[in-house]
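*Asks:* Let me give you the structure first, and then I'll get to my questions.
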Protein chains: 2
Amino acid sequence: MSAKASVAPDKAERMPPRERILAVAADLFYRHGIRAVGVDAIAETAGTNKMTLYRHFASKDELVAEYLRQSAKGEAACWERLNAQHPGDALAQLRAWLKEMFGHVVSRDERGCPLANAAVELPEKDHPARRVIEECKSATRDKVIALCRAAGLKEPELLADELGLMLEGARVTAQSVGIDGLGARLDRMSEALIAAHAPK
Amino acid sequence: MSAKASVAPDKAERMPPRERILAVAADLFYRHGIRAVGVDAIAETAGTNKMTLYRHFASKDELVAEYLRQSAKGEAACWERLNAQHPGDALAQLRAWLKEMFGHVVSRDERGCPLANAAVELPEKDHPARRVIEECKSATRDKVIALCRAAGLKEPELLADELGLMLEGARVTAQSVGIDGLGARLDRMSEALIAAHAPK
DNA sequence: ATATAATGTTACTTACCAGTAACACAACAT
DNA sequence: ATGTTGTGTTACTGGTAAGTAACATTATAT
């Protein structure tokens with residue numbers, strides 16, 4: 001039991017095959033890139049075989065799409081959690097979202113946004129993953145705009161884009177260069193942006 | 001002569017093989033992704049063969065690194081051009097750089113920053129492309145910081161990061177969702193950021 | 001005209017890839 | 001007990017990947 005399951009160390013065996021495959025695929029796709037991971041490796045790491053994989057997923061492309069759907073679902077769950085933690089306080093939700101995202105950026109073993117990375121890796125316009133990516137990114141933008149507006153901030157669309165682009169830029173930049181002090185700078189930047197849109 | 005050379009339609013034949021290969025590789029890598037393009041396709045599209053390719057490049061990874069070196073060289077040339085167009089005027093150079101970059105973002109057939117995309121596609125820390133990416137990105141950041149400082153703007157490091165992250169975010173976001181009106185919004189955002197750092 | 005260097009050609013190796021067929025085994029419900 | 005369903009196993013197809021060897025051809029320089 002050396003370096004076996006990096007996803008669910010112990011109870012991986014108890015999960016049904018489909019969940020194991022999806023969890024392993026998500027981990028490998030995210031860490032090594034989608035094109036760099038073959039279905040054989042996924043099946044083997046998930047402790048099963050290629051046939052079972054293809055009984056649950058029509059193709060590798062569909063597995064990729066499902067991986068991204070899971071990622072998008074995670075984002076949606078994040079919004080609900082923030083809403084529960086700061087009910088009725090849009091500004092607090094916005095700040096909590098930024099704080100959580102900044103945590104991702106500066107974390108070790110972080111490789112950026114799974115959806116944005118997939119968009120880079122899969123330029124084919126008819127790939128089933130493309131729909132998922134676009135829908136999730138649009139939904140996120142709408143959500144941030146709504147929060148900015150509910151918080152009474154001026155020009156909510158512009159502010160949402162400022163924050164969203166800065167965050168997306170930080171996630172991709174963190175893959176190219178070091179992240180020393182980036183977290184603190186992100187905090188300052190976002191607060192400056194929010195302050196610049198404060199109601200007069 | 002249907003859809004033959006998308007890089008140098010006519011004089012592709014006159015360029016020496018090494019340059020043809022590099023030009024074709026750059027085009028294919030950028031449009032389809034690095035892992036999606038094989039050396040056979042590159043050689044064939046360049047009107048040559050795999051042997052000649054391997055006589056000029058030690059491996060595909062080295063060809064990739066050279067492709068990114070070319071891209072980085074293009075960025076360096078851009079800085080010199082801007083310096084020549086606005087000698088001594090750091091603020092004008094900064095604005096011209098932003099304008100040029102925004103043009104890339106909102107252009108059709110644009111697929112983001114070649115270096116950032118490569119960083120997403122090649123997570124292996126020992127890949128020869130990694131050095132090129134990190135050096136170019138660091139150099140760009142230093143250059144923008146220097147311009148902000150020379151322009152007398154407050155907190156040049158912070159402003160440079162704000163602009164740089166926004167730009168990087170825009171380039172990656174443009175690959176996921178539409179770019180309607182993004183150019184105009186980028187103009188407003190960058191001007192707001194610069195204004196926020198204006199000397200008192 | 002001839003030596004030399006660069007390029008082209010063919011064929012090959014080794015390895016991986018996505019996807020499928022046929023069959024064996026286990027669990028579980030009736 | 002038996003049938004069904006899900007899973008495991010092996011082996012396979014056809015295609016593509018990176019990289020190399022041996023040899024033929026062309027161009028250039030002297």
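The values are calculated or read from the model by the stated rules, or taken from the named source; none is laboratory data. Bear in mind the structure is a predicted one, so any value in this text is a computation, not a measurement. Methodologically, a virtual Cβ is constructed for each residue, glycine included, from the backbone with ideal geometry; neighbour enumeration extends over all protein chains shown. Just so you know, the surface numbers come from the protein's heavy atoms only, side chains and all, with ligands and any DNA or RNA stripped out. Shrake-Rupley method; radii C 1.70, N 1.55, O 1.52, S 1.80 Å.
*Asks:* Mind checking which chain A residue has its Cβ closest to the axis relating A to B, and how many whole Å off it is?
*Replies:* Residue and rounded Å distance to the axis: A:G169, 2.
*Asks:* Kindly give the distances from B:A146 to its copy-mates, label point to label point, with each label point 7 Å from Cα along Cα→Cβ, as nm values to one decimal ordered shortest first.
*Replies:* Going from nearest to farthest copy, the values are 4.7 nm.
*Asks:* Report the one residue of A:C78, B:A43, A:P156 whose Cα lies farthest in the direction of the positive end of the charge dipole of the protein assembly as shown (charges on C-beta: Lys and Arg +1, Asp and Glu -1; origin at the Cα centre).
*Replies:* Farthest towards the positive end: B:A43.
*Asks:* Through the Karplus equation 6.51 cos²θ - 1.76 cosθ + 1.60, θ set to phi - 60°, convert the phi angles of segment B:93-104 into ³J(HN,Hα) values in whole Hz; use x for Gly and Pro.
*Replies:* With the stated coefficients, segment B:93-104 comes to 4, 4, 5, 5, 4, 4, 4, 5, 5, 4, x, 4 Hz.
*Asks:* Taking only protein heavy atoms into account and a 1.4 Å probe, give the accessible area per residue of the protein assembly as shown in Å².
*Replies:* Details: 19660 Å² over 400 residues.
It amounts to 49 Å² per residue over the protein assembly as shown.
*Asks:* In peptide A:175-181, how many Cβ atoms from other protein chains are near each Cβ within 10 Å, on average? Could the numbers behind the result be given before it?
*Replies:* Working: counts 8, 14, 9, 3, 0, 0, 2.
Mean partner shielding for this stretch: 5.
*Asks:* What are the distances, in nm and sorted shortest first, from the label point of A:R35 to the label points of the same position in each other copy, with each label point placed 7 Å from Cα along the Cα-to-Cβ direction?
*Replies:* 0.8
*Asks:* Could I ask something else about it? Using +1 on the beta carbon of Lys and Arg, -1 on that of Asp and Glu, and nothing else charged, what's the dipole of chain A about the Cα centre, debye to 20?
*Replies:* On the way: 29 positive and 29 negative charges, 48 e Å.
Its charge dipole is roughly 240 debye.
*Asks:* Quick one: Karplus J couplings for segment A:107-119, per residue in order, coefficients 6.51, -1.76, 1.60, θ = phi - 60°, nearest Hz, x for Gly and Pro?
*Replies:* Rounded to whole hertz, the list is 6, 4, 6, 8, 10, x, 7, x, 6, 5, 4, 5, 4.
*Asks:* With everything on Cα atoms, drop me the angle between helix A:17-32 and the longest principal axis of chain A, reported from 0 to 90° to the nearest 10.
*Replies:* Orientation of helix A:17-32: about 60 degrees from the principal axis.
*Asks:* Moving on to the next point. Specify which residue in the list B:Y54, B:M15, B:G33 is farthest towards the positive end of the charge dipole of segment B:9-57, using unit charges on the beta carbon of Lys, Arg (+1) and Asp, Glu (-1), about the Cα centre.
*Replies:* B:Y54
*Asks:* Using the basic label-point model (7 angstrom from Cα toward the beta carbon), what is the B:K99 to B:R18 distance in nanometres?
*Replies:* Modelled inter-label distance: 3.8 nm.
*Asks:* Right, something else. How large is the charge dipole for segment A:9-57, taken about the Cα centre, if only the Cβ atoms of Lys, Arg (+1) and Asp, Glu (-1) carry charge, to the nearest 20 debye? Mind showing how you got there, number by number?
*Replies:* Details: 8 positive and 6 negative charges, 30 e Å.
Around 140 debye, computed over segment A:9-57.
*Asks:* Near A:D187, within a Cβ-to-Cβ distance under 13 Å, what is the net charge of the other residues, with Lys and Arg +1 and Asp and Glu -1?
*Replies:* On the way: positive: A:R95, A:K99, A:R185, A:R188; negative: A:E100, A:E191, B:D161, B:E162.
The answer is 0.
*Asks:* Label position 7 Å from Cα toward Cβ: report the copy-to-copy distances for A:E62 in nm, one decimal, ordered from shortest.
*Replies:* Going from nearest to farthest copy, the values are 4.4 nm.
*Asks:* Also, I was wondering about something else. So what's the net charge close to A:G169: Lys and Arg +1, Asp and Glu -1, counting the other residues with Cβ under 10 Å from its Cβ?
*Replies:* -2
*Asks:* What ranking do B:124-132, B:95-103, A:18-26 get when scored by the average of other Cβ atoms within 10 Å per residue, highest first?
*Replies:* Values: B:124-132: 15.0, B:95-103: 17.3, A:18-26: 21.6.
Top to bottom by mean Cβ count within 10 Å: A:18-26, B:95-103, B:124-132.
*Asks:* Now, a different point. Okay, helix-only estimate at 222 nm for the protein assembly as shown: each DSSP H run of n ≥ 4 adds -39500 (n - 2.57), divide by all residues, round to 500 deg cm²/dmol; what do you get? Walk me through the numbers on the way to the answer.
*Replies:* Details: 18 runs with 274 residues, N = 400.
When only DSSP H runs of four or more count, the value is -22500 deg cm²/dmol.
*Asks:* Below 18 Å Cα-Cα, how many Lys pairs turn up in segment A:57-200? Only count pairs eight or more apart in sequence, or on different chains, if you could. Present the calculation step by step, with values, prior to reporting the outcome.
*Replies:* Working: A:K60/A:K125; A:K73/A:K137; A:K73/A:K143; A:K99/A:K143; A:K125/A:K137; A:K143/A:K154; A:K154/A:K200.
Close lysine pairs under the 18 Å cut-off: 7.
*Asks:* So, one more: Roughly what would the spin-label model give for A:E44 and A:E157, points 7 Å off Cα along C-beta, in nm?
*Replies:* 5.2 nm
*Asks:* With r defined as the distance between the Cβ atoms of A:R108 and A:K73 and R0 fixed at 25 Å, what FRET efficiency is calculated, to the nearest 0.05? Before the final figure, lay out the partial values.
*Replies:* Details: r = 24 Å, r/R0 = 0.98.
With R0 = 25 Å, the Cβ-Cβ based efficiency is 0.55.
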